[in-house]
Every structure is written in structure tokens, then in C-alpha cells.
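Scroll down for the structure; my scribbles are underneath it.
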Amino acid sequence: MKDMTNELPDGRLFVGGVWEEGHGAPITSVFSHDGSENMTFNGASREDGERAIARAKAAQADPAWRDMLPHERAKILHRIADGIEANIPRISRLQSRDTGKTLTETAALAASAVGTFRYFAAVLETSDDALTTRRGGFLTASVHEPIGVVGAITPWNSPIASDAQKLAPALAAGNAVVLKPSSWSPLVALELARIVDEAGLPKGLLSVLPGAGREIGNLIVEHADIGRIAFTGGTDTGRRLGEQAGRKLMPISLELGGKSPTIVFEDADQDLAVAGILFGIFSSSGQSCIAGSRLFVQRSIYDVFVAKLVEATKALRVGDPFADGTQVAPLINHEHREAVEAYIEGARGEGGEILCGGKRLSGAEYDKGAYLEPTIIAGLPNDAKTCREEIFGPVLVVLPFDTEEDVIAQGNDNEYGLACGIWTRDFPRAWRVGGAIRAGTVWINTYKQFSISTPFGGDGASGIGREKGREGLRVWQRQKGIYCDLTGQPHPWAGVTR
């Protein structure tokens with residue numbers, strides 16, 4: 001079902017709870033399967049952003065929201081979750097048109113957003129402040145309060161799931177949120193705004209402003225009334241935003257890129273490993289920060305295992321994201337495909353051997369789309385550019401290793417530290433290697449599995465801070481200590497007597 005004329009947003013932005021025409025540069029959403037245009041509308045201007053932040057500040061300060069009891073805020077989060085769940089078919093179709101992802105994946109992303117809002121509603125109702133241990137004649141407490149107005153900047157590769165991962169805890173914490181989705185995939189965030197609005201969130205507490213990063217992104221980071229930022233995206237942009245936040249002394253979390261190693265030991269269940277590796281790198285067409293893009297295979301099984309992996313890769317079904325059984329869909333757009341192709345050509349120049357893929361698909365179904373064959377490259381050293389930089393496409397490099405110490409050294413020889421996959425039947429070894437690899441997430445005998453209850457984030461060039469989990473609520477709040485005298489007596493230092 002690709003004709004969605006009646007399901008597209010109307011082109012207005014959600015500016016501080018009001019649906020308004022944007023005043024920024026036009027944004028065009030394209031269906032990357034065939035290059036057809038979904039719609040064009042005006043993005044947000046800096047003035048739109050200023051207006052959204054002013055409305056957010058007023059709404060967050062309103063006692064109706066500021067003083068709302070946690071269980072009442074939780075009811076709103078549950079209504080948002082219900083609204084998303086009721087609209088999963090529409091959301092998944094819209095997101096497939098906007099990103100080129102398969103319907104199976106976009107439905108899973110929408111379902112993930114449902115779970116995220118419900119989880120943080122539950123966390124909100126069960127997160128208690130605390131009386132701290134008394135150290136004198138006073139009662140002491142640790143309490144948490146909203147930050148105020150906060151910003152969220154989300155990527156094009158996983159709309160609604162990434163949006164929910166930031167919006168749900170930020171709203172649960174009592175904040176107002178200004179969300180900037182990517183201009184490459186803006187439609188689902190606007191649909192989410194409609195659902196949130198219909199769920200009864202007080203006006204002004206949410207804005208959704210797709211627009212140019214140099215305008216809206218910079219405004220969100222620099223504005224004096226924004227008290228915290230969460231960003232998911234590229235490492236170079238993350239570094240720049242971190243510098244801007246540092247000048248404001250504003251907390252920021254950055255979930256950035258990755259060049260994640262997957263490791264196959266000689267005792268691994270090879271069928272299990274092949275399936276997990278294929279999913280880890282070629283699902284989402286490789287457009288995933290946690291993609292397992294560096295594969296290390298123990299030398300004793302290298303030839304046999306890689307041959308099996310290549311054969312399985314060639315059998316993957318590449319095609320229309322709306323077709324049943326499609327496993328690998330087109331890339332987000334033709335521009336991004338060209339960037340990925342440049343890495344493949346660079347690998348050839350570095351002496352890499354293309355074991356499979358490496359070129360565009362051709363034929364009536366593919367000629368107009370942003371399709372690229374799933375690609376496996378061998379013969380490169382770990383310090384080659386192709387092995388060091390994030391490609392963000394369906395490209396896997398394979399390298400041999402000899403010992404546990406060897407693969408730990410190679411795995412860590414990279415600026416990124418986001419994820420790692422380990423395939424072995426030897427659990428103590430998996431535990432040792434998982435502990436030694438620098439990564440925010442380690443999967444053992446599986447890959448690319450997520451739980452909203454488990455913290456997620458990266459180290460090094462993969463970012464700072466964590467999202468998800470119970471502590472994912474607290475990062476959106478300020479902690480305050482309160483002291484209350486119990487003696488009723490003047491402080492002796494003052495020399496005051498009754």
C-alpha cells in the first residue's frame with residue numbers, strides 16, 4: 001500500500017501546541033523506493049523556534065502542569081501510548097514512505113514507542129524521592145524537580161522510536177519539550193505530535209519543528225531558556241553541539257556514531273552467528289548507529305565461516321519496503337547512497353576484495369530507487385579507512401584474528417565505543433571479552449536486541465550519557481537537597497538566646 005495521499009500530514013508544524021505554517025526553507029519528503037515525492041512543506045524558521053520556546057516556557061511554569069501529581073502525568077503518557085498503538089498501521093506506512101524502511105521494521109519501531117511511553121509512565125509512578133540519613137537536628141531529603149524547557153534532536157534513521165525515547169522521560173519528568181526531527185524524515189514526528197495533542201497534553205508543552213540544523217538545531221542548543229539537550233546523530237555534529245552546550249554549562253547527552261565489532265570464536269554456533277550478523281549489519285539497510293560493521297572471525301574457521309556468510313548474504317531479499325518478505329530496503333535517499341558507494345570505491349582503492357555486492361541493483365523495480373546490494377569486503381587491515389569510519393550503509397568488513405587478546409586489541413583500536421557482538425559457546429570467555437571491549441552495549445550470541453528498561457549509550461566518539469532504564473527519567477530532572485530544622489532552637493553560632 002504505497003498510495004497514501006489521504007494519510008500524509010497537512011504540512012503544518014506543531015509550534016508550542018498550535019498547528020501553524022512554517023516560515024523556514026521548504027522540506028521535501030521522498031519515497032526512496034522509486035524517487036517519488038511524498039510532499040513538500042515549509043520547515044521551521046528561527047522565529048518559529050523562538051515562538052515555540054516562549055510558549056513552552058509559559059506552559060511549563062503553569063501550575064496546572066508544574067504541580068500536576070506524578071500519577072496524573074502518567075495518565076497522559078498512557079493515553080499517548082494508546083494513541084500510538086491505535087495508529088500503528090498508519091504510522092508504519094507513513095514511516096516506510098518517508099524513510100524507505102520495510103513495513104515490518106517501521107511497525108516494530110512504532111510498537112517500541114508504545115512500550116517506551118508506558119514504561120516511563122510506570123517509572124514515573126514508582127520513582128520516589130528520599131529522606132536521607134539524619135546527621136544532626138534536622139530532617140534531610142533528596143528531591144527531583146523538572147529542568148524546565150528542554151530540547152530533543154532526533155535522527156532520520158529511526159523516527160518515532162528515537163522521538164519517544166526522549167519525549168517520554170522528558171515529559172514524565174515534568175518538562176516542556178522542543179523536538180527537532182531530521183528534515184530527511186519529518187513526517188512521523190508530525191504524526192506523533194497529532195497523537196500527543198489528542199491525548200490531552202496541555203498546550204505548549206510539545207513543539208515539533210523540522211527544519212535546518214543551522215537554524216533550529218543551533219537555536220535549541222544556544223537559547224537561554226533551554227535547560228538540557230538530548231541529541232542522536234552524527235559524531236561531528238555531536239562534538240559541535242557539545243561545545244555549544246559547554247559554553248552554556250548546560251547538560252547534554254549525545255548518542256552518536258559507531259563502528260561496532262562483532263566477534264566469532266571458533267567454537268561458535270555458526271548458524272546462530274550468521275543469522276545474527278546478517279541482522280546486525282543488513283537490517284535497516286545498515287543505516288543504524290549500532291550496526292555490526294566490523295566482523296572479526298577466528299582464523300581457524302575464517303574461510304569456512306566467511307563463505308557461509310557470503311552465501312547467506314546473497315540470498316537476502318532486497319526490494320520494495322511494502323512487499324511481503326523484503327529484508328533489505330532502499331537507503332534513505334540517492335544522496336546518501338552515493339556517500340556509501342564512495343566508501344566501497346575507497347575500499348577497492350585500499351586493496352579490499354568485494355566478496356559480494358558492491359553495486360547498485362538494476363531492473364524495473366530498482367532503477368529509480370536508492371538501492372544498493374548488501375556488501376561484504378575482505379582483505380583490509382583494521383587501520384584502513386573503511387574499517388575505521390562509520391559508513392552507515394549495508395557494508396560489512398571482515399577480518400581474521402588469532403587469540404582473545406588479539407581481538408580485544410583490534411576491537412578497541414577505534415575511536416568509537418557503541419556496541420559489540422560476541423559469538424561463542426564459552427560463557428566465561430564471552431564475559432571476559434565483553435568486559436574488555438569498550439562499548440556501551442554488548443550482545444552475547446545475539447545482536448541488535450533492545451529493552452527500554454536497559455540503559456543505552458556509547459563511549460568515546462560514540463557519545464556521552466545514557467538513555468532508557470529507570471535512571472532515564474532522572475537525567476531530565478534537577479536534584480535538590482532540602483534541610484528542615486527539627487530543634488526549634490537558634491543556631492548557637494549567632495549567640496542568640498531565647
What distance in nm separates the simple spin-label points at residue 471 and residue 362, each placed 7 Å from Cα in the Cβ direction?
5.4
Using the structure shown, list the pairs from 101/259; 75/248; 368/448 with a Cα-Cα distance above 32 Å, or answer none.
75/248
To the nearest 20 debye, what charge dipole does the stretch 261-444 have about its Cα centre, counting +1 at the Cβ of each Lys and Arg and -1 at the Cβ of each Asp and Glu?
180
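By how many nm would the segment from residue 247 to residue 214 grow when fully extended, if each residue of separation counts as 0.36 nm and the alpha-carbon distance is taken off?
Taking 0.36 nm per residue and subtracting the Cα distance, the gain is 10.1 nm.
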For the ranges 81-91, 129-139, 360-370, 276-286, what's the packing order if you count other beta-carbon atoms within 10 Å of each residue, average per peptide, and put the highest first?
276-286, 81-91, 360-370, 129-139
Distance in nm between label sites at residue 383 and residue 82, each 7 Å beyond Cα in the beta-carbon direction?
6.1
Would you mind putting 58-67, 410-419 in packing order, based on average other-beta-carbon counts within 10 Å, highest first?
410-419, 58-67
Spin-label pair residue 300/residue 339, simplified geometry with 7 Å Cα→Cβ offset, distance in nm
4.2
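Using the Cα atoms as the points, what is the convex hull volume per residue of the stretch 13-256 in Å³?
Dividing the Cα hull volume of the stretch 13-256 by its residues yields 131 Å³.
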Ordering of 461-470, 100-109, 484-493, 147-156 by burial proxy (mean other Cβ atoms within 10 Å per residue, highest first):
147-156, 100-109, 461-470, 484-493
Which one of 333, 376, 302 is farthest out on the positive end of the charge dipole of the stretch 261-444, using unit charges on Cβ (Lys, Arg +1; Asp, Glu -1) and the Cα centre as origin?
333
What does a probe at residue 125 reach in the stretch 157-199, counting residues whose amide N is under 17 Å from the point 7 Å along Cα→Cβ?
169, 172-174
Using a simple charge model, +1 on the beta-carbon of Lys and Arg, -1 on the beta-carbon of Asp and Glu, nothing else, what dipole does the chain show about its Cα centre, in debye to the nearest 20?
1500
Picking from 137, 148, 494, whose Cα lies most toward the positive end of the charge dipole for the chain (charges on Cβ: Lys, Arg +1; Asp, Glu -1)?
494
The stretch 371-498: spread of alpha-carbon positions along the three principal axes, whole Å, largest first, is 86, 39, 27
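Values in this text are rule-based calculations from the coordinates and carry no lab data. What you see is a predicted model; the values in this text were computed from it and never measured. With ideal geometry, Cβ positions are generated from the backbone for all residues, glycine too; neighbour counts draw on all protein chains shown.
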